[in-house]
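Student: Structure provided below as C-alpha cells; questions to follow.
The values are calculated or read from the model by the stated rules, or taken from the named source; none is laboratory data. Worth saying up front: this structure is predicted, and the values here are computed from it rather than measured. Positions of Cβ are backbone-derived with ideal geometry, glycine not excepted, and every protein chain shown enters the neighbour counts. Quick note on the areas: whole protein, heavy atoms, side chains included, nothing else; ligands and nucleic acids left out. Shrake-Rupley method; radii C 1.70, N 1.55, O 1.52, S 1.80 Å.
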Amino acid sequence: MSTPIGAHAAEPQHVLSEYESLPEADLHARISAAKQRLGSRLVVLGHHYQRDEVIRHADFTGDSYRLARQAAETTADFIVFCGVHFMAESADVLAQPHQRVILPDLGAGCSMADMADADDVEEAWEAILETHGDEAIPITYMNSTAAIKAFCGRQGGLVCTSSNAQAAFRWAWERKRVVLFLPDEHLGRNTGAALGVPLERMSLWNPRFAPQRSRALLEPDSPLVLWKGYCSVHQRFTPAQIDWVRKEFPGMRVVVHPECPYEVCQKADAVGSTDYIIRAVSGSPAGSQWAVGTEIHLVHRLARQNPDQRVISLQPNVCACATMYRIDPPHLCWALENLADGAVVNEIKVDDDTIRWARTALARMLEVGADAKRAGRD
Ligand code: SF4
C-alpha cells in the first residue's frame, strides 16, 4: 500500500547497514517494489557516469542539467538523484515548490565543485575587481555548488555547460573585458584558447595560495582569470596516452571531454561534452575505433551499446568517479524504502535566496543559448 504524500515526515524506518549485506538480486527486487509503491510520485535520475546496477533503475539518464530540468517537468513529489551533491542541488534549484530532492548517499560529492568555496571566491572577486575595475563577469561551470551559481547570478554572471561554454564567454566579453571562470581550470583554458586567447594572457587564481600571492599573479591586461580547480577523473588523461593509442591502434580516433588538460585536448581528434561523445561514437559506422577520454562507466556502456565498433578507454587502467560510485544499490534501496514508508532521508535543500540567484544565472545561460542559436553559432 502506498503512503500519502503528507505523511512523508516520519522517522526513517530502515537502517542503512541492514542493506549492505543483502544479495544483489534482492536489492534489485526491493528497489523495483519500492518504485512501484511510490508510482508517479517518484522520479529516479541516473547520471551518465553511474554504474549499470544503478542506471537500470533510472527513469531518466543524462547529464546533470538535463536531468534536473526533466525532473522539474514531471509531477513527481520526490526526485531521487543518483549523481553527486551539486547535481542534487541543481535539481532543487529548478524543482517545483512541492518537489523534494534526495541524494542516496550524502558522501557523494564532487572534487571539482568542492574546490570553489564561496568565501574563497568572494575574496578572489574582490581582488579581481581591484585589479580590473568594474570590468569583470563571473561564469561558473554547471559542476559547481548552488552557492557559486548564486554568486554568479548576483554579480551579473551566468552558468555554462561544456556544450555552451564558448557562447557564454562571448556573451560575457561583449559586456565586460574580463571573465572569471569557475571552478574548472581546464574547461576554462580550452574554451579561452578556442576563442583565440593566448595561453600566456590567461591568469590563474589558486585558492590554495595566500590571497596576496594569487593577487600578485593577476595580469592587469588578462581577459581571462581561471580558477585552479579540476576534475579528478579527467585530469588524469595525458598526451602520452594518446601517443600510446596512435602507436598501438593505428586508425583509432581519440575523443575527449573538455575537462581534460589543454595538451590532451590539443592532441585529440575530437573534444566535446558527454552528449557529444555519445553522439560521436553512436553515430559512427560499424568497424569504427574510438579511444574515449572520460569516466569509465560511460566508456564501458558505449562499448556495450556499440558492439560493432571497438571502443576503449584512453586510460588503460580504470578511472571511475569515486564519489559518484558511492551511489550503489544498497543506498538506493534504503532511500526508496524509507520514502515508500513515509520518511524522507538525505534531502538536499537549497535556501530561497540561493535558489533565486542561481536561477538568475541559469536563466542567463538559456538566453545566451537562444542568442547563439539566432546568430547561427553553437
Ligand atoms: S567526474 Fe569529475 S566533475 Fe564529474 S562528478 Fe566526478 S569529480 Fe565531479
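Student: Between F249 and R208, what length in nm is gained on full extension when 0.36 nm per residue of separation is reduced by their alpha carbon distance?
Tutor: 10.7 nm
Student: Oh, and also: State, as an integer percentage, the relative contact order of the chain based on alpha-carbon contacts under 8 Å between residues 6 or more apart.
Tutor: Relative contact order for the chain comes out at 25 percent.
Student: OK, next. Tell me, what % of the accessible area of the chain is carbon and sulfur with a 1.4 angstrom probe?
Tutor: 50
Student: Where does each of 197-210, 32-45, 259-272, 224-237 land if you order them by average Cβ count within 10 Å, highest first?
Tutor: Averaged packing, sorted descending, gives the order 224-237, 259-272, 32-45, 197-210.
Student: So what is the accessible area of segment 238-378 per residue, in Å², with the probe set to 1.4 Å?
Tutor: Per residue, segment 238-378 has 44 Å² of solvent-accessible surface.
Student: Looking at the calculated P(r) for the chain, what percent of the C-alpha pair distances fall above 34 Å?
Tutor: 31
Student: Using the alpha-carbon centroid of each, what span in Å lies between segment 163-203 and segment 136-152?
Tutor: 14
Student: Would you mind putting 17-24, 343-350 in packing order, based on average other-beta-carbon counts within 10 Å, highest first?
Tutor: The most tightly packed comes first, giving 343-350, 17-24.
Student: What angle, in degrees between 0 and 90 and rounded to the nearest 10, separates the Cα long axis of helix 239-248 from the longest principal axis of the Cα atoms of the chain?
Tutor: Helix 239-248 and the main axis of the chain meet at about 70 degrees.
Student: Give me Rg/Rg_expected for segment 241-291, where Rg uses Cα atoms only and Rg_expected = 2.2 N^0.38 Å with N residues.
Tutor: 1.11
Student: Can you compute the FRET efficiency between L106 and E18 using 1/(1 + (r/R0)^6), with r the Cβ-Cβ distance and R0 = 25 Å? Round to the nearest 0.05.
Tutor: 0.85
Student: On to the next question. Counting DSSP beta bridges with both partners in the chain, what percentage is antiparallel, nearest 5?
Tutor: 5
Student: Would you mind computing, in nm to one decimal, how far apart the modelled labels at R356 and D371 are, each placed 7 Å from Cα along Cα→Cβ?
Tutor: 2.4
Student: Provide the gained length on full extension for the span R304 to D221, in nm with one decimal, where the gain is 0.36 nm per separating residue minus the Cα-Cα distance.
Tutor: Full extension of this stretch gives 25.0 nm more.
Student: How tilted is helix 165-175 with respect to the longest principal axis of the chain? Cα atoms for both, answer in degrees (0 to 90, nearest 10).
Tutor: 50
Student: Using label points projected 7 Å from each Cα along Cα→Cβ, tell me how many nm separate D269 and S282, to one decimal.
Tutor: Label at D269, label at S282, 2.0 nm between them.
Student: Can you give me the three principal axis dimensions of segment 171-312 from its C-alpha atoms, in Å, biggest first?
Tutor: Sorted from largest, the Cα extents of segment 171-312 read 54, 31, 25 Å.
Student: Once fully extended, how much extra length lies between T75 and D26, figured as 0.36 nm per residue of separation less the alpha-carbon to alpha-carbon distance?
Tutor: Working it through step by step, the gained length comes to 14.7 nm.
Student: Where does the chain land at 222 nm, in deg cm²/dmol rounded to the nearest 500, when only DSSP H runs of n ≥ 4 count, each adding -39500 (n - 2.57), divided by all residues?
Tutor: That calculation yields -12500 deg cm²/dmol at 222 nm.
Student: Here's something else I'd like to know. At a threshold of 8 angstrom on Cα-Cα distance, excluding pairs fewer than six apart, so keeping six or more, what relative contact order does segment 75-135 reach in percent?
Tutor: 32
Student: What is the angle, in °, between the Cα long axis of helix 118-132 and the longest principal axis of the Cα atoms in the chain? Nearest 10 is fine, range 0 to 90.
Tutor: The helix 118-132 is inclined about 20 degrees to the chain.
Student: Per the Cauchy relation, a quarter of the hull surface: what is the mean projected area of the convex hull of the alpha carbons in segment 62-109, in nm²?
Tutor: If I average the Cα hull's projected area over directions, I get 2.8 nm².
Student: Just to confirm, what accessible area per residue do you get for segment 1-134 at 1.4 Å probe, in whole Å²?
Tutor: Dividing the accessible area of segment 1-134 by its residue count gives 44 Å².
Student: Based on the mean of other beta carbon atoms within 10 Å per residue, what is the order of 212-218, 136-142, 294-300, 324-330, most packed first?
Tutor: Ranked from most to least packed, the peptides come out as 136-142, 294-300, 324-330, 212-218.
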